[in-house]
1. Quick one: is GLU138 assigned to a helix (DSSP H, G or I) and modelled with pLDDT under 95?
2. Please determine, by comparing only the residues of region 106-117 that are free of Cβ contacts under 8 Å to residues at least 60 places away in the same chain and over 16 Å from the mean Cα position of the chain (by Cα), which one is surrounded by the most Cβ atoms within 10 Å (Cβ to Cβ).
3. Need at least 1 residues that are modelled with pLDDT of 85 or more, farther than 23 Å from ASP154 by Cβ and open to solvent by 30 Å² or more (accessible area, probe 1.4 Å) per element, so show me which strands (runs of 3 or more DSSP E) inside region 176-239 make the cut, counting only ones lying wholly within it.
4. Going through ALA71, ALA77, ALA4 one at a time, which residue ends up being open to solvent by 20 Å² or more (accessible area, probe 1.4 Å), of a type outside the set (Lys, Arg) and touching a residue at least 24 places away in the same chain (Cβ under 8 Å)?
5. Looking only at region 62-97, which residues are out of contact with any helix residue (DSSP H, G or I) (no Cβ under 6 Å at 6 or more places or on another chain) and within 21 Å of ASP155 (Cα to Cα)?
6. Could you count how many residues in region 81-105 are open to solvent by 10 Å² or more (accessible area, probe 1.4 Å) and in a strand (DSSP E or B)?
7. Look at region 31-48 and say how many of its residues are part of a loop (DSSP other than H, G, I, E, B) and surrounded by 13 or more Cβ atoms within 10 Å (Cβ to Cβ).
8. Might you let me know whether region 141-153 holds any residue that is of a type in the set (Asp, Glu), part of a loop (DSSP other than H, G, I, E, B) and in contact with a Lys or Arg (Cβ under 6 Å, 6 or more places away or on another chain)?
Amino acid sequence: MTQAVHAAGGRIFLQLWHVGRVTHTDKREPGSLGVAQSAIAARARIHTLAGMQPAPTPHALNASEISRTFADYACAARDAFAAGLDGVEIHGGNGSLIDQYLHSRSNVSTDARGGSAENRSRFLWQVCEACIAAIRGERVGVPLSPFGVFDDVDDPDSVGLFAMEIGGLEHLASADLHVVRSEASGDRSASARVAWPAAAVFARTHFSSTLLVTRGFDAASAEELLARGEADLIGFGLN
């Protein structure tokens, strides 16, 4: 597949997504649970062969398991590069494990990856560092969903949280920041509704490298955003 894309003059990245707690025991090896920073079940329902089921309480990752998760991300990035992909995106939005770490509703830990916005952002930054070390920074991008509420993640200061998070990515020399516009889907956190910042404008303020923006565009609105300098790339059909 990668050869066909390259033969047609295209480039191809693979999105790495860890679902964390948003899974169900019916879809896992017997006796295993989803994982998270804190043992808090998402107020969400999961597709299973028996129909929609409540999300179970996850297992809280310990220090050695967190280190193993960093290694798993790095291994996946290396495997993607070996398969001919041009790079990877580390999904940090839409209720993923990284998103669960970021938000105070799902992360109530008081250790080095809990508490402050800086601490809660550290898991994403460390995953990025592991993948950058594996395949180089220009091959690693990060999708985020600023101000979005997916699978029960939320924060009372989402503006401050994402300013901290994106500011940290600015210093990691990653390939791009990929922003999913929550205002286009209505998945909007209560704390962001007061100021209602547009995700693209907010991200551009805090990130000077390549900015990819997705969700809710047609050709005309995409061209308008590019003309205003609020994005470098527009994505269609991307999550």
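1. Values: assigned to a helix (DSSP H, G or I): yes; modelled with pLDDT under 95: yes.
Yes; evaluated as a whole, the condition is true for this residue.
2. Step one: of region 106-117, the residues free of Cβ contacts under 8 Å to residues at least 60 places away in the same chain are 110-112, 115-117.
Then drop every residue that is not over 16 Å from the mean Cα position of the chain (by Cα), which leaves 110-112, 115-116.
Numbers: THR110: 8, ASP111: 10, ALA112: 11, GLY115: 14, SER116: 12.
My answer is GLY115.
3. Working: elements: 176-180, 211-214, 233-235.
In region 176-239, 233-235 are the strands (runs of 3 or more DSSP E) which contain 1 or more residues that are modelled with pLDDT of 85 or more, farther than 23 Å from ASP154 by Cβ and open to solvent by 30 Å² or more (accessible area, probe 1.4 Å).
4. Values: ALA77 fails: open to solvent by 20 Å² or more (accessible area, probe 1.4 Å); ALA4 fails: touching a residue at least 24 places away in the same chain (Cβ under 8 Å).
Result: ALA71 is the single residue among ALA71, ALA77, ALA4 that is open to solvent by 20 Å² or more (accessible area, probe 1.4 Å), of a type outside the set (Lys, Arg) and touching a residue at least 24 places away in the same chain (Cβ under 8 Å).
5. Once the filter is applied, which keeps residues that are out of contact with any helix residue (DSSP H, G or I) (no Cβ under 6 Å at 6 or more places or on another chain) and within 21 Å of ASP155 (Cα to Cα), region 62-97 yields HIS91, ASN94, GLY95, SER96, LEU97.
6. Final tally of qualifying residues: 1.
7. The initial filter retains those residues of region 31-48 that are part of a loop (DSSP other than H, G, I, E, B), namely 31-34, 37-44.
Then drop every residue that is not surrounded by 13 or more Cβ atoms within 10 Å (Cβ to Cβ), which leaves 33-34, 37-42, 44.
The total comes to 9.
8. Step one: of region 141-153, the residues of a type in the set (Asp, Glu) are 151-152.
Now restrict to residues that are part of a loop (DSSP other than H, G, I, E, B): 151-152.
Subsequent filtering for residues that are in contact with a Lys or Arg (Cβ under 6 Å, 6 or more places away or on another chain) retains 152.
The answer is yes, given that some residue of region 141-153 is of a type in the set (Asp, Glu), part of a loop (DSSP other than H, G, I, E, B) and in contact with a Lys or Arg (Cβ under 6 Å, 6 or more places away or on another chain).
The values are calculated or read from the model by the stated rules, or taken from the named source; none is laboratory data. All of these numbers come straight from a predicted model, not from anything done at the bench. Note: ideal-geometry Cβ built from the backbone for every residue, glycine included; neighbour counts use all protein chains shown. Heads up: the accessible areas ignore ligands, DNA and RNA and are worked out on the full protein's heavy atoms, side chains in. Shrake-Rupley method; radii C 1.70, N 1.55, O 1.52, S 1.80 Å.
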